[in-house]
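What follows is calculated from the coordinates using simple rules that are stated; it is not laboratory data. Just so you know, these numbers come straight off a predicted model, no measurement behind them. Neighbour counts are summed over all protein chains in view; Cβ atoms, including those assigned to glycine, are modelled from backbone coordinates with ideal geometry.
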Amino acid sequence: MMTRKQHLFITVLASAVFVLVLMVSSKFYFRLDFTSGRTFTLSEISKNLYQKLDDMVQITYFVSDRLVSSHPLPAEITGFLNEYTVYSHGRIRFTARDPVKSNLADEMESLGIYPQTIRIIENNQAVTTDVYTGITIEYRDRIEVLPLVFSMDTLEYDITSKILNLVQGRDKELGVIVGDSSKQWNVDYVLLDSELKRAGYTVRLFLPGEEIPARLPALFVLGGAEDLDEWDLYRINWYIQNGGNVLFAQDGLFLDLQNNLAIRQINDMGLLAMISSCGAAILPAMVVDRSSLQISFQGSGGSQDIRTIPYPLWISVTGQNMNRSSPLTGGLSGLCLYWASPVELAPPPGVNAQILFTSSAESWTILKDFTADPLVYQNLDAFLEQQGTGTVNGARILGAALSGVFPDFFAGLPKPQREGSQSGLPDTPAVGSVSRIIVTGDSNFASSMMEAGSGQAANLGFLIRAADWLCNDELAIGLRREQQPGLDRITDAGKKKSAMDFSVRLNVIAVPVLIVLAGFIIIQRRKKLTGAPDSVQGSKSDDI
């Protein structure tokens, strides 16, 4: 047993060590990150960023002191940004400033950083206040701005990619063709437009049939099977033959959103045939899936009768049905698709195909008697039984990626003519160049429809990765955080129940039992260590 002097010596020594640690702690910086996605830890790409810097980078976090004192996020952002300076070998500086106290409010607004109105708790009362939370990144005479920073989710990607843009002086450009004549980019795709710009892309809109320059890094073709004619298709085909990379978000059936969701066969003008020749056929069929979103609609009882039911035509693609080995989908938690058609892969020689995501095993392909009426699917089993041989059970491909030299769709055919055109179409090269193509059997997932079923974050995450992959920007893809699907992403009823039962047994029963058992073992060990001396001492007293 230790004497009182030994106890005192150990206590004084421990106190001295603690004081010394406090004194030198400001000289060292480290962070323990226990989040599953390593949200608060820089990737190796960001840690090695200093190797690309020839001059100083200044990161400034403009945040109101009032927000700092009332919300934990500014401290998390500040700590995270400090890591850039730690790993920068002196080439990145970071400061945090209050724009109001620094008299920089006007300058902030000129950069697009505006105050945000939020509710905070002060003196146990909720009050409304205006606060700033934005970041500027300066390199030489160039500047990049994050006008609103209120999340850690994509902060590393945003900062590192913008630093690289400043250093390399590169402009990320993406072309877009809105093929459906009934849709407009600035109306139906505002969410995608905003996210692309936030990711650093300059969006360039092309009218159908307009010349697409071969130097354009990538192109999104959204819908258009019934609207794009041969002239329009020749332009896209020419772009692919010259090494262009394209995402085709298309539908296998026509859904009339303006006429009670009526469904009919698509009158393909050639776009679906051209995509099929590249190795990915979008079938004229419809996929229903038990892994689905919910839809709300007004019942027969009037405006107060709002019903919410599962809608198997709105498919919730879970992480377990996404290709985890692909840079396009690895780590994504899922996608939301709306009235999707299956994709069938048959790549031609010289083309590699890769499945990106599928429906669940509890899905069916409807081949006839199509309907989008939500009430029909209230009893899915009865509907499937009624369809009989018009359905095929099993997971179906909903998205795929292809790469290689694609066949010339217009090979051996005369060039299309367009009345009123002042110039003819250019010749396609004798030998095509290597290209990349992404094909999905749904065009609505890229539109503002993604707001339904909370699919916005998931769908935009995939679409930005698609842009990065088509632009051959593997570095940008590597920066995107992999997020593992949670328990709520398990859609199979049996598997979900088993997982929840195991969680209950582990946390409610096993853990408390182990704690009690550990305590019992410790007590028994102490008795063994102290029991012998006590008995000896007692026997000596008896002898006396």
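Packing order of peptides 328-341, 391-404, highest average first: 328-341, 391-404 (average count of other Cβ atoms within 10 Å over each peptide's residues).
Scoring 10-16, 94-100, 174-180 by mean Cβ neighbours within 10 Å over their residues and listing the highest first yields 174-180, 94-100, 10-16. Beta-bridge orientation, segment 144-264: approximately 20 percent antiparallel, per DSSP, counting only bridges with both partners inside.
Descending by average beta-carbon neighbour count within 10 Å, the peptides 433-441, 133-141 line up as 433-441, 133-141, the highest first.
Modelled label positions at Asn472 and Val434, each set 7 Å beyond Cα in the direction of Cβ, lie 0.8 nm from each other. Here the mean projected area of the convex hull built on the C-alpha positions of segment 185-247 is 4.5 nm².
The gain in end-to-end length when the Thr129 to Thr389 segment is fully stretched comes to 87.4 nm, 0.36 nm per residue minus the alpha carbon separation. Cβ-Cβ distance of Lys5 and Ile515, R₀ of 51 Å, FRET efficiency by 1/(1 + (r/R0)^6): the value works out to about 0.90. Just going by the charge dipole of segment 396-466, with Lys and Arg at +1 and Asp and Glu at -1 on Cβ, which of Asn444, Ile464, Gln417 is farthest out on the positive end? Of Asn444, Ile464, Gln417, it is Ile464. Taking label positions 7 Å along the Cα-Cβ direction at both Arg215 and Ala361, the computed distance is 5.2 nm, reported to one decimal.
Taking 0.36 nm per residue of sequence separation and subtracting the Cα-Cα distance, how much length would be gained by fully extending the chain between Ala14 and Ala262, in nm to one decimal?
Result: 81.6 nm gained on full extension.
Take the Cα of Lys415, step 7 Å toward its Cβ, do the same at Leu111, and the gap between the two points is 5.0 nm. Near Thr358, once Lys and Arg are set to +1 and Asp and Glu to -1 for all other residues with Cβ below 14 Å from its Cβ, the sum equals -1.
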